[in-house]
Structure formats: structure tokens, C-alpha cells
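Before any comments, here is the structure.
Only the coordinates and a few stated rules stand behind these numbers; no lab work does. Since the model is a prediction, treat every value here as computed from it, not as a measurement. Using ideal geometry, Cβ is built from the backbone for each residue, glycine included, and neighbour counts are taken over all protein chains shown.
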Amino acid sequence: MDQLPVIIFGAGGLGAAALDAFQSNGVVVYGFLDEDEALHGTEINYVGVLGDPKDDGYLKLIGKKCAAFIASDDNIIREELVEMLNERRKVMPANAVHPKAVIAETAEIGHGSFIQMGAVVNSQAKVGNHCLIHPNASINYGASLGDFVQVGAGSNIGANVQIGEKAFVGSGVTIVGGIKIGENARVGAGSVVIKDVEEGETVFGNPAQVMK
């Protein structure tokens, strides 16, 4: 995990979880930025919600001396904030990896991803940029996740599975080894996926079937 002090974009539940991950690693969190003005001036575990994410007064802190982390599960918001940080601060968001997650030494993790408590990323697995791996999810050996992929709590991604960019995997899903999940596909909670899912498809059930 990055050791620079961090500003967290988003003061909702995911932001609070990210705060716990950073603090558990001994990383200082300066504060939160959130569009909701009702949250400004409040605190989460004694860390203040400072203001708006687009306020230059706070953005200027981000760079060599301070990192940023985006705590939102909305890919549209995440993409907008990533683009803003790239353009205005020339930085990529930091990773948040909870100390109770297990990451193999041969695993690869991009920028701006959140690996939550109890998650496992096995040997030679690849996690792209800006992914969300929720608690107790398992990414087995050789699996590959594209950018902006979300994997729900307790899901099991089998060996050598390939998941395309912006795909969503709900909680408690099992994807058997070697399956391919296309870009922007969605897998409903509790599903068991035993065959490939095409780009943009939504599947659900045991075994998972395409939802019309």
C-alpha cells in the first residue's frame, strides 16, 4: 500500500471502509472530499469531511506529498474523478489494501484498486486499475480482471478466469475456472457461471442464464 498521507474521495460507506484499510496500515488520512454539502464539516472516526472533490484548495495538496483514493462503486463517478486527477494533478489514485487481505507475491495489482478485508488474490492473478474486490472474495491463480471491475463479497473467481473492463460480479457468485466474462457484463448475486458471458450481457441463476 502507498505510504503517503491520503485524501479519500467519497465519505459514504465505502469511504469509511477505505479509511479503516488505510489506518490499519498506519497510513495517515488527511480527510474526505464529497459532493454532498450536508456532509461537509462532519467526521468519520475523527477524520473530517473537508469539502467538495473539485475544490482546488484541496486538490492542490495531491501530488508528491499526498495521495488520493476514490471510494465510490459508481464507475461513472470513478472514471470522472480518475480523469480529473490525471489532468489536474498528473497522478493516479492510490491502492487501498486491507492488512487482513491476502495478496500473493506473484499477483499484479494496478492503480486505485480496493482490496477489502478477507479478500484473497492468488498467485499470478492480475487485478487491473480502479477495481473493487469486496470482503472475502477470492481471485484464484491466473485469473485476470480488467479495469473498473467490481467483485462482490464472498464471490469465488476460478483459476484463469478472464473478466473484461467494467464488468460487475455480484455477491456470492461462483465463476468456474477458465470462463470469460465480457466487458460491461453483469453477473447477479449468488449465480454460478459455467459458460462464457458475452460483452454487455446480464446473467443470473444456477447455472447462470442470460436475462432478457
Revision key, fill the gap. The condition of being more than 28 Å from Val151 (Cα to Cα), out of contact with any Cys (no Cβ under 6 Å at 6 or more places or on another chain) and either of a type in the set (Phe, Trp, Tyr) or part of a loop (DSSP other than H, G, I, E, B) (or both) holds, among Leu50, Leu61, only for Leu61
Exercise for review: Look through Asn75, Asn45 and report the one residue that is touching a residue at least 12 places away in the same chain (Cβ under 8 Å) and surrounded by fewer than 12 Cβ atoms within 10 Å (Cβ to Cβ).
Suggested key: Asn45
**Study point:** Total residues in region 92-115, condition surrounded by 18 or more Cβ atoms within 10 Å (Cβ to Cβ) and farther than 19 Å from Val161 by Cα
**Key:** 9
**Study point:** Count - residues of region 2-25 that are aliphatic (A, V, I, L, M), assigned to a loop (DSSP other than H, G, I, E, B) and crowded, with 19+ Cβ neighbours inside 10 Å
**Key:** 1
Check your understanding: Do you know which residues across region 138-152 are in a loop (DSSP other than H, G, I, E, B) and under 12 Å from the mean Cα position of the chain (by Cα)?
Key -> Gly146, Asp147, Phe148, Val149, Gly152
Exercise for review: Take Gly118 and decide whether it is surrounded by 23 or more Cβ atoms within 10 Å (Cβ to Cβ) and part of a loop (DSSP other than H, G, I, E, B).
Suggested key: no
Point to revise | Residue ID - nearest to Ile8 (Cα to Cα), chosen from residues in region 26-37 that are surrounded by 15 or more Cβ atoms within 10 Å (Cβ to Cβ) and of a type outside the set (D, E, K, R) | key: Phe32
Review point. Asn184: assigned to a loop (DSSP other than H, G, I, E, B) and farther than 27 Å from Leu85 by Cα, yes or no?
Key: no
